[in-house]
Amino acid sequence: MKWFVLYTKSKYERKVSEGLDSIGVTNYCPTYTTVKYYSDRKKKVEKPLLPSYVLVQIHERDREKVFTISGVVRYVFWLGKPAEVRPKEIEALKKNLNGVFEEVSISQINKGESYTIPSGPLQGKKGTVLEIEKKKVKLELESLGILVTLKLATV
């Protein structure tokens, strides 16, 4: 069995994961806990680490089975073949997703500089700053081949 990447409708990650569980397909929807601040309270909220994606472990011959679940759009392809994820990468995700993710606070950072994420699910990952906005920093993580946006904490 191999791990594949499913693309889902927006905000359907949990529904797809539950549906896959119900038909006996092993899946993983990595989530993290963040603290949302409201005017009168703060609340811990669980969010998907990979919005609109669910990882599934399934035999190649059974790949069509997932389309019986509402919210599944398609498999993600890489170089003309369904994208596969190595089991060690799944384990690394599971191991690193412990704790609560707080918004990061960055004092002095410039475009093009290297930056190491100090906390959260991607803690310790190094990336290059691509863009700086008022409350967001776009960071390219070459080791994972992804672009992340860090929301800056208001101090």
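Relative to the longest principal axis of the Cα atoms of the chain, the long axis of helix 13-22 makes an angle of roughly 30 degrees. This model, with +1 at the C-beta of Lys and Arg and -1 at the C-beta of Asp and Glu, gives the range 1-83 a dipole about its Cα centre of some 340 debye. Distance between the modelled labels on Asp62 and Lys44, one decimal in nanometres: 3.4 nm (7 Å Cα→Cβ projection). Between Gln123 and Tyr37, the modelled label-to-label distance comes to 2.0 nm, taking each label 7 Å out from Cα in the direction of the beta carbon. With respect to the chain, whose longest principal axis is taken over its alpha-carbon atoms, helix 87-96 is tilted by about 40°. Build a GNM of the chain with springs between Cα atoms under 10 Å apart, and of Lys15, Lys36, Lys81 the one that fluctuates most is Lys81.
Since every read-out is calculated from the coordinates, none of them should be taken as a lab result. Nothing here was measured: the structure is a model prediction, and the numbers come from that model. Cβ: placed from backbone, ideal geometry, glycine included. Neighbour counts: every protein chain shown.
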